[in-house]
Amino acid sequence: MSRFRSHMEAALAEARAAAARGEVPVGAVVVAPDGRILSSAGNRCRELADPTAHAELLALRAACAAAGTERLPGHDLYVTLEPCPMCAAAIGFARIRRLYYGAADPKSGGVAHGPRIYSHPQAHHRPEVYEGIGAAAAAELLRGFFSARR
């Protein structure tokens, strides 16, 4: 039986790098079935002038390109913040096996809050969802980022 190994620290490193670029500090990593990190990304909305350049979407795009396919069954996604509805839908479309996220997002989340994308009968795929992994570190990073801008 294999032991669980969290990759949230790699996602947090991407979130810290995003903050250093002036982006909202969210990071994501896609982990292949063999346990290696296939792709990683942090938010780049401002840098790319692209409202869809969320960490999850960038990591999914890179993982799909590396795998040569639009679907990633058997792959896991670690993200520092509860995915928004757009990202939650993309995660389902990519057929991600497990979603691990850190901080909850009661205002803009789409998994446990808001529209709860995976609870709808129209959801094509429902990944296993594990919340709260590295939540304290992720929440502190977000709090620090936004308090410095107020």
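The values are calculated or read from the model by the stated rules, or taken from the named source; none is laboratory data. Just so we're clear, the structure is a prediction, and the values are computed from it rather than from any experiment. Backbone-built Cβ (ideal geometry, glycine too); neighbour counts: all protein chains shown. To get the accessible areas, we keep the full protein, side chains included, count just its heavy atoms, and leave off ligands, DNA and RNA. Shrake-Rupley method; radii C 1.70, N 1.55, O 1.52, S 1.80 Å.
General observations
Yes/no matrix, rows are residues, columns are (1) within 13 Å of the chain's Cα centre (by Cα); (2) among the basic types (K, R); (3) not in a strand (DSSP E or B):
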| position | (1), (2), (3) |
| --- | --- |
| F4 | no, no, yes |
| A41 | yes, no, no |
| A90 | yes, no, yes |
| L99 | yes, no, no |
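- Complete set of residues in the range 6-37 that are part of a strand (DSSP E or B) and buried (at least 22 other Cβ atoms within 10 Å of the Cβ): G27, A28, V29, V30, V31
- Residue that is surrounded by the fewest Cβ atoms within 10 Å (Cβ to Cβ) [pool: residues in the range 121-133 that are at pLDDT 95 or above and at negative phi]: E128
- Filter result for the condition that a residue is at pLDDT 95 or above and within 14 Å of A28 (Cα to Cα), over A90, A136: A90
- Criterion applied to A13, A63, A19, A28 was being modelled with pLDDT of 95 or more, out of contact with any helix residue (DSSP H, G or I) (no Cβ under 8 Å at 6 or more places or on another chain) and within 18 Å of L141 (Cα to Cα), and the one residue passing it is A13.
- Take the conditions (1) part of a loop (DSSP other than H, G, I, E, B); (2) buried (at least 16 other Cβ atoms within 10 Å of the Cβ); L60 misses just one of them, which is (1).
- Subset of the range 73-102 [open to solvent by 10 Å² or more (accessible area, probe 1.4 Å) and in contact with a Gly (Cβ under 8 Å, 6 or more places away or on another chain)]: L81, C84, P85, M86, A89, R97
- The residues listed here are E70, E47; of these, the one that is of a type in the set (D, E), under 28 Å from A20 (Cα atoms) and either open to solvent by 50 Å² or more (accessible area, probe 1.4 Å) or outside any loop (DSSP other than H, G, I, E, B) (or both) is E47.
- Residues that are of a type outside the set (V, I, T) and touching a His at 6+ places or on another chain (Cβ under 9 Å) within the range 1-39 comprise A28, A32, P33, G35, L38, listed in sequence order.
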